[in-house]
Amino acid sequence: MKLLLISSKNDVIEDISKVTGVGRYVREIYEGLKGENDVSLYPLFDYSSNLSSFVSVGKGIIRNYSDYDIIHLLSPKPFFPIRRGKAKWVTTVHDLFFLRYKESKPSPLMQKVYLKSILSSDAVIAVSSIVKEDIEKLSYNKRIFVVNPGVEEKFFTTPSHKTRKSDVIRFGYIGRLDAERKDIIRGIKMFRKIRERKIIFELWGSYDPNSEIFKEIKKESKEDPRIRIMGPALDEKLIEIYDTFDAFFFPTKEEGFGLPIVEAQTRGVPVIVFNDARIPQEVCKDCIKIRNEFPSLEYILSFSEKYCNRLKNNMTRFYWRNSIKSLISIYNSLII
């Protein structure tokens, strides 16, 4: 089988700290597949300028793909190949947030182009059951496969040290701070209902200091010193950060997959989410779900002590090698 993986150039930059979740997906898929098949990675799309964007789209359209069995677009892009012969075109859809949230929305024209690209694919890889449901609502009438992404091997192999070092309870969050979808303000307001003083809420992630959402987060943190803005969570420190948390509080409205939830639970850290959040069941079934208030802190701490090993064991289904095996099986089914 001859396979071509297509990505954005930003997904393969050397500085891992600047790579998005999609970029990590690209790297893991390529590394996992290249030992199994005749695989090439083509970082086609370049959005560094309007001209480079236009040129890369043009290259994608006119290139001859007829030598390949599978063309796998690793996230939706303006991709409409006219010379692909018998090659099957597969697209991975991570979410459809570009249709719903201001920070994710391209222009109305580009929304239509992205949707047209998805609907033109011979098959779609949905990263979760929820994304599959969303694609079905688009009246996509071809084959949809659910293949959950994996967690980096280091999350399973690095020993965790869960002995509490102080009487301060640590709630943590890792992710974009100023995104509407992440709903950090709601999370902060919920946290402030806790009267216990020996508790902190650490907010790790990048942000635009001029965004209105971040300005409100900063205001709340000044009023309550228990709320701490920590800055970006560097990749080499990520496991160490998770291991300091007594609980991971993730106030998101919805997730296409929810990688931070999986990462936290892989480290044996209990995850708290709102019960009205739209998160894939395969990811959040072991989460603590709340409505208007937290359960007692004693319950949260005992949850960690009782279920730490169960959380870690349940996450073993998210090994990347399982994702790679599923993809290979799907490719083979498409070219029979």
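Could you pull out every residue, at least 5 positions away or on a different chain, whose amide H is within less than 5 Å of the one on residue 254? Hs are placed 1.01 Å off N in the peptide plane, and Pro or chain starts have none.
278
Can you tell me the relative contact order of the range 77-206? Whole percent, Cα pairs under 8 Å, sequence separation 6 or more.
21 percent
For the range 41-52, take each phi angle, set θ = phi - 60°, evaluate the Karplus expression 6.51 cos²θ - 1.76 cosθ + 1.60, and give the result in whole Hz per residue in order, putting x for glycine and proline.
10, 10, x, 6, 7, 10, 9, 6, 7, 4, 5, 5
Apply the Karplus parameterisation 6.51 cos²θ - 1.76 cosθ + 1.60, with θ equal to phi minus 60°, to every residue of the range 270-282 and state each ³J(HN,Hα) to the nearest whole Hz, in sequence, with x for glycine and proline.
x, 10, 10, 9, 6, 6, 9, 6, 9, 10, x, 4, 5
Once you charge only the Cβ atoms, +1 for Lys and Arg and -1 for Asp and Glu, what is the size of the charge dipole of the range 156-316 about its Cα centre, to the nearest 20 debye?
Using only the charged Cβ atoms, the result is roughly 460 debye.
Given springs between every Cα pair under 10 Å in a Gaussian network model of the chain, which of 58, 21, 35 has the largest fluctuation?
Its mean-square fluctuation being the largest, the pick is 35.
Please compute the alpha carbon radius of gyration of the range 218-270, then divide it by the globular-protein estimate 2.2 N^0.38 Å. Two decimals is fine.
Its radius of gyration relative to the 2.2 N^0.38 Å reference: 1.27.
Using alpha carbon centroids, what distance separates the range 25-49 and the range 91-146, in Å?
20 Å
Once amide H atoms are placed 1.01 Å from N in the peptide plane, what residues at a sequence separation of 5 or more from residue 172, or on another chain, have their amide H within under 5 Å of its amide H?
Distant-sequence amide H within range of residue 172: 202, 247, 248, 249.
Shape verdict for the range 249-336, please, from the Cα gyration tensor: rounded (a/c under 1.5), prolate (a/b greater than b/c) or oblate.
The shape class here is oblate.
Might you report the magnitude of the Cβ-based charge dipole of the chain about its Cα centre, with Lys and Arg at +1 and Asp and Glu at -1, to the nearest 20 debye?
Once rounded to the nearest 20, the dipole reads 520 debye.
Between Rg and the Kirkwood Rh of the range 23-158, both from Cα atoms, what is the Rg to Rh ratio?
Radius of gyration over Kirkwood radius for the range 23-158 works out to 0.96.
Apply the Kirkwood formula to the range 180-336: the hydrodynamic radius equals the inverse of the mean of 1/r over all pairs of different alpha-carbon atoms; give it in Å with one decimal.
About 17.2 Å, per the Kirkwood formula over Cα pairs.
Looking at 230, 241, 123, which one has the Cα that reaches farthest to the positive end of the dipole of the chain (charges on Cβ: Lys, Arg +1; Asp, Glu -1)?
123
Name the long-range amide H neighbours of residue 42: under 5 Å, sequence gap of 5 or more, or other chain; modelled H, no Pro or chain starts.
The answer is 5, 6, 7.
As I understand it, the dipole of the chain uses +1 on the Cβ of Lys and Arg and -1 on the Cβ of Asp and Glu, about the Cα centre. Which of 200, 81, 101 lies farthest toward its positive end?
Result: 101.
Return, in residue-number order, each cysteine of the chain whose C-beta is not under 4.7 Å from any other cysteine's C-beta.
308, each lacking another Cys Cβ under 4.7 Å.
With n ≥ 4 as the cut-off for DSSP H runs, can you work out [θ] at 222 nm for the chain, using -39500 (n - 2.57) per run divided by the number of residues, rounded to the nearest 500?
Calculated mean residue ellipticity at 222 nm is -11000 deg cm²/dmol.
What lysines does residue 219 reach when the alpha-carbon gap must be under 18 Å and sequence neighbours fewer than 8 apart in one chain are set aside?
Candidates past the 8-residue exclusion: 182, 189, 193.
Fewest to most neighbouring Cβ within 10 Å: what's the order for 94, 72?
By the 10 Å Cβ count, ascending: 94, 72.
Counting other beta carbons within 10 Å of each Cβ, put 91, 244 in order, fewest first.
Placing the least packed residue first, the sequence is 244, 91.
Please find, in a Gaussian network model of the chain (springs between Cα atoms separated by less than 10 Å), the residue of 166, 128, 326 whose mean-square fluctuation is greatest.
Answer for the Gaussian network model of the chain: 166.
Give me log10 I(q)/I(0) at q = 0.07, 0.10, 0.11, 0.12 Å⁻¹ for the chain, Debye formula, one equal scatterer per alpha-carbon, no solvent.
One equal scatterer on each Cα of the chain leads to -0.31, -0.63, -0.76, -0.89.
Which order do the peptides 306-313, 267-274 take when ranked by the mean count of other beta-carbon atoms within 10 Å per residue, highest first?
Highest to lowest by the protection proxy: 267-274, 306-313.
Just so you know, all these numbers are worked out from the coordinates, no wet-lab data involved. Predicted, not measured: the structure shown is a model, and the values here were computed from it. Cβ atoms come from the backbone with ideal geometry, glycine included; neighbour counts cover every protein chain shown.
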